[in-house]
Amino acid sequence: MSVKNCSKCGNEFKAVTNKKYCDKCLTHKCIYCGNSFTDKNQINRKYCCLSCSIKDKENPNPPKKKIQKICLYCNKTFFVHQYRHDAKYCSQRCLAKSKTGNVSKNWKGGITSENLRIRNSEEMKNWRTQVLERDNYACQKCGQVGGVLNIHHIIPFSADKSLRFEVSNGITLCFNCHKKEHKRLRKISKGQIDIFQVKKGEMNVDN
């Protein structure tokens, strides 16, 4: 065994045979798969095997290694590319679910379910029927009889609880007139309409 200087890096190394290069210089990294390999005969070898050489010629963009993450919503393990190292959720579905319920910035203590319960109640159905019968099942804007008719709250459903089932607070509108009424009032208010500032006899937006 003799001590030699590496012909590439100049560092000393112990050699049993007539080696010209140290083990470090003979260790390479495949430019396609990224794996390290050793070749005692070549110092400029680029690929660890013939397969990587062929794949690199067919696809010059080497595969990128992925990193392991844990979804903050469902706790499942998922893998992402390194540029997405700050990913928190495994899918768009988990991302959406993470923003619903009491974790949502718009959470108001579960009032949505309460509103849906009231809107689907028998009392609300009776109110709609009474308004339709009073208006003879006709749109009070364009006169359309039958078809798709909506019952519009003149004073919004959420603005005054005492008027939710008041027949005088409802008006029959066809689908198109109902849509136009909401659009018109949104332009006027540019947000939520203050019911106390609406002119007398003018319909308001139904929430």
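Pairing each residue of region 83-96 that is not small (Gly, Ala, Ser) with any residue that is not in a loop (DSSP other than H, G, I, E, B), provided the two are 6+ apart or on different chains, yields C-beta distances under 6 Å for Tyr89/Leu95; Cys90/Phe78.
Among the residues of region 153-207, those identified as among the charged types (D, E, K, R) and either buried (at least 18 other Cβ atoms within 10 Å of the Cβ) or at pLDDT 75 or above (or both) are Asp160, Lys161, Arg164, Glu166, Lys179, Lys180, Glu181, Lys183, Arg184, Arg186, Lys187, Asp206.
So if I check each of Lys76, Lys57, Lys64, which one is at pLDDT 80 or above and either loosely packed, with under 14 Cβ neighbours inside 10 Å or among the β-branched types (Val, Ile, Thr) (or both)? Write out each step before concluding.
Details: Lys57 fails: at pLDDT 80 or above; Lys64 fails: at pLDDT 80 or above.
On inspection, the qualifying residue turns out to be Lys76.
The values are calculated or read from the model by the stated rules, or taken from the named source; none is laboratory data. For clarity, every value in this text was computed on a predicted model and none was experimentally measured. Virtual Cβ from ideal backbone geometry, glycine too; neighbours counted across all protein chains shown.
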